[in-house]
Amino acid sequence: MTHVHPPGRSLPLEPNPALVRHAHERAQSVENRVADRITAFSGSMVFVYIHLAWFACWIGFGVEKNPYGLLTMIVSLEAIFLSTFVLISQNRADAKRQMIADQQWQTVREEDGQNENCSISRTSSSS
């Protein structure tokens, strides 16, 4: 008898072992952990809300007069660093995709080897 899951519920997916291994290797580096945390935070709505509040206070309390040269410089520097973290995130995603592709290629090679062995043994047994 098979177990039927209620509608809308599915079996939890097992993580890809190659990705688990990659995440473990990545977690060994302090730099990678810091970059991952910054990337996660800067890609969140909390980050947006903090900036909205910061800009509103900067302008509302008159921290500097128009045209906001210091604010522009700070935001420009932040943009430089954030773009670097975006690139780091893209590199991480590329590494994950490459790891999965390598694992799939290894599986294909193993299956080809098994298929060749099966066809050789069938040919030998029919002779």
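Computed quantities for the displayed model
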item	result
Helix-derived mean residue ellipticity, 222 nm - over the chain, DSSP H n ≥ 4, -39500 (n - 2.57), to 500	-27500 deg cm²/dmol
Helix 30-42 vs. the chain, principal-axis angle (Cα, 0 to 90°, nearest 10)	70 degrees
Within the chain, longest stretch clear of exposed trypsin sites (Lys or Arg not before Pro) (DSSP loop, no more than 10 other Cβ within 10 Å)	66-127
Entry for semi-axes √(5λ) of the Cα gyration tensor in Å (calculated from the structure that is shown) out of (1) 32, 14, 12; (2) 60, 19, 12; (3) 53, 21, 11	(3)
C-alpha long axis of helix 17-27 to longest principal axis of the chain, angle in °	30 degrees
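Values quoted throughout were computed directly from the atomic coordinates according to the rules given, and no laboratory measurement underlies them. Model, not experiment: these values are computed from the prediction. Heads up, the Cβs are rebuilt from the backbone with ideal geometry, glycines too, and the neighbour counts pull from every protein chain shown.
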